[in-house]
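Novice: Okay, here's the structure, questions in a sec.
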Amino acid sequence: MDVDVLLIDDDTELCELLGEFLALEGFRTHAVHNGEQALAHCREHSYDVIVLDIMLPGMLGLDVLRALRGFSQTPVLMLTARGEDTDRIIGLELGADDYLPKPCNPRELAARLRAILRRTSVTREPRGELEVGRLQLSSAQRQASYDGQALNLTSAEFNVLQSLAARAGQVVDKETLCREALGRPLSAYDRSVDVHVSKVRRKLADCGGEQLILNVRGAGYQYAASTAGTLR
């Protein structure tokens with residue numbers, strides 16, 4: 001199956017290199033080298049996944065991501081400067097699904113993109129609808145609501161919540177959450193899971209679901225619903 005990837009990066013040579021490699025891996029790529037042009041392009045065209053460089057001239061990549069999340073939930077993989085943890089955390093807070101430091105290995109980029117697509121595909125084997133108290137999740141539609149209010153989760157946030165809710169009352173370690181939500185093993189000093197959990201907590205709280213996800217020190221996280229979940 002062909003996969004359409006949008007590359008947003010001002011480095012034209014890098015875009016050509018990545019485009020050539022990704023084409024060999026079964027991806028179709030299109031490149032835009034300016035943040036404002038990229039936003040306008042995204043309003044008129046749809047892609048399966050976006051690769052976004054944080055260090056763009058003019059309109060920074062983080063501003064592009066913030067604006068993009070105002071009208072699109074297309075999965076985004078950020079390209080960040082190596083060692084810039086602040087940019088990575090802010091990007092995840094703004095709704096990025098994953099990140100990769102530059103310079104990146106094209107083979108690892110392809111692997112990360114496949115991982116994102118695996119966990120966002122609605123054509124995979126459905127797991128039905130999950131209800132845990134006032135929380136409802138639909139795997140087929142990849143939508144979640146609490147007390148009838150839509151949570152508007154990104155793909156990674158949905159996977160984090162689904163993984164926790166499916167084990168309501170149990171502690172889920174970060175390694176499991178990273179593998180199930182991000183499609184990769186947990187690495188040292190990786191705070192991606194923590195950031196996604198924090199965002200899910202805030203969205204639940206906005207809908208009246210406060211203190212549902214507990215931090216179990218040294219063990220992981222727990223969805224502490226008062227009622228057991230049911231899968232339909």
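The values are calculated or read from the model by the stated rules, or taken from the named source; none is laboratory data. Quick caveat, the model's predicted, so the values are computed rather than measured. Cβ: placed from backbone, ideal geometry, glycine included. Neighbour counts: every protein chain shown.
Novice: In this structure, is Ile54 aliphatic (A, V, I, L, M), under 17 Å from Cys15 (Cβ atoms) and either touching an Asp or Glu at 6+ places or on another chain (Cβ under 8 Å) or crowded, with 18+ Cβ neighbours inside 10 Å (or both)? Outline the logic, then answer.
Specialist: On the way: aliphatic (A, V, I, L, M): yes; under 17 Å from Cys15 (Cβ atoms): yes; either touching an Asp or Glu at 6+ places or on another chain (Cβ under 8 Å) or crowded, with 18+ Cβ neighbours inside 10 Å (or both): yes.
Taking the combined requirement at face value, the residue satisfies it.
Novice: Additional query: For segment 46-83, how many residues are acidic (Asp, Glu) and in contact with a Pro (Cβ under 8 Å, 6 or more places away or on another chain)? Before the answer, list the steps.
Specialist: Initially, segment 46-83 is screened for residues acidic (Asp, Glu), giving 48, 53, 63.
So of that shortlist, the ones also in contact with a Pro (Cβ under 8 Å, 6 or more places away or on another chain) come out as 48.
Residues flagged as acidic (Asp, Glu) and in contact with a Pro (Cβ under 8 Å, 6 or more places away or on another chain) within segment 46-83 amount to 1.
Novice: Here is a list of conditions, (1) modelled with pLDDT under 90; (2) of a type in the set (Gly, Ala, Ser); (3) under 17 Å from the mean Cα position of the chain (by Cα); (4) closer than 28 Å to Gly209 by Cα, and Ala96 meets all of them except one; can you say which number that is?
Specialist: (1)
Novice: Among the candidates Arg167, Arg184, which residue alone is in contact with a helix residue (DSSP H, G or I) (Cβ under 7 Å, 6 or more places away or on another chain), part of a loop (DSSP other than H, G, I, E, B) and either touching a residue at least 40 places away in the same chain (Cβ under 8 Å) or surrounded by 20 or more Cβ atoms within 10 Å (Cβ to Cβ) (or both)?
Specialist: On the way: Arg167 fails: in contact with a helix residue (DSSP H, G or I) (Cβ under 7 Å, 6 or more places away or on another chain).
On inspection, the qualifying residue turns out to be Arg184.
Novice: Can you find, within segment 66-81, the residue that is nearest to the chain's Cα centre (by Cα) among those that are aliphatic (A, V, I, L, M) and buried (at least 23 other Cβ atoms within 10 Å of the Cβ)? Write out each step before concluding.
Specialist: Here is the first cut: in segment 66-81, the ones aliphatic (A, V, I, L, M) are 67-68, 76-79, 81.
Going one step further and asking which of them are buried (at least 23 other Cβ atoms within 10 Å of the Cβ), we end up with 68, 76, 78-79.
Working: Leu68: 13, Val76: 7, Met78: 10, Leu79: 14 Å.
By that ranking, first place goes to Val76.
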